[in-house]
1. How big is the gap, in Å, between the Cα center of segment 1-70 and the Cα center of segment 75-132?
2. Highest GNM mean-square fluctuation, the chain, Cα pairs closer than 10 Å: which of S37, S58, S105?
3. Rounded to the nearest 0.05, what FRET efficiency is calculated for I28 and F59 with R0 set to 25 Å and r the Cβ-Cβ distance?
4. Using only DSSP helix segments of four residues or longer, with each worth -39500 (n - 2.57), what per-residue ellipticity at 222 nm results for the chain after dividing by its residue count and rounding to 500?
5. With θ set to phi - 60° and the Karplus curve 6.51 cos²θ - 1.76 cosθ + 1.60, what are the ³J(HN,Hα) couplings of segment 49-63 in order, to the nearest whole Hz, using x for Gly and Pro?
6. To the nearest 10 degrees, how steeply does helix 73-92 sit against the main Cα axis of the chain, on a 0 to 90 scale?
7. Please state the shape class of segment 1-100: rounded when a/c is under 1.5, otherwise prolate if a/b exceeds b/c and oblate if not, all from the C-alpha gyration tensor.
8. So what are the ³J(HN,Hα) numbers for segment 11-28, from phi and the Karplus equation (6.51, -1.76, 1.60; θ = phi - 60°), rounded to whole Hz, Gly and Pro as x?
Amino acid sequence: MTLEPLLQSTLAVQVHTLAAVLAFGIGIGQFLLPRGSTVHRVVGWSWVGLMAVTAGSSFFIHMGRVFGIWSPIHLLSIFTLVMLVLAVRAARRRDVATHRSIMISLFVFALVGAGAFTFLPGRIMHVVVFGG
């Protein structure tokens, strides 16, 4: 394992990776916290912020171009940002079922699912974890 490929990548890739890794760790912790507590809210806002940074920073990463400088992953980033807003609104309305459903879906699909693709051969995280 070597961080060299990540350290040699653009600032956008570094910010994106750090936010995603932190969101993953905080997300795992969030599942273990009591729901509705002050700690849950603080950790939740941190997770929302990290996910927004993860999705937002992707717009400065232009690998796998399909539509000009954009790739299909950018559609997931737009979707993630919209769903974060909807999840927060649901929590404020005390619509716990909708809030829970959106947040779990974002964790599973936008973070874990999309993150798994970063470990495919030819991607930076594959080289970081498995070597060149």
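We did not get these values from a lab; they are worked out from the coordinates using the rules stated. What you are looking at is a predicted structure, and each value in this text was computed from that prediction instead of being measured. Reconstructed Cβ throughout: ideal geometry from the backbone, glycine too, with neighbour counts over all protein chains shown.
1. So the separation of the two Cα centres works out to 9 Å.
2. Largest GNM mean-square fluctuation: S37.
3. 0.45
4. When only DSSP H runs of four or more count, the value is -20500 deg cm²/dmol.
5. The phi angles translate into x, 5, 5, 5, 5, 4, 5, x, 5, 4, 6, 9, 10, 10, 9 Hz.
6. Between the helix axis and the principal axis of the chain, the angle is about 20 degrees.
7. oblate
8. So the J values, rounded to whole Hz, are 4, 4, 5, 5, 5, 4, 5, 4, 4, 5, 5, 5, 4, 4, x, 5, x, 4.
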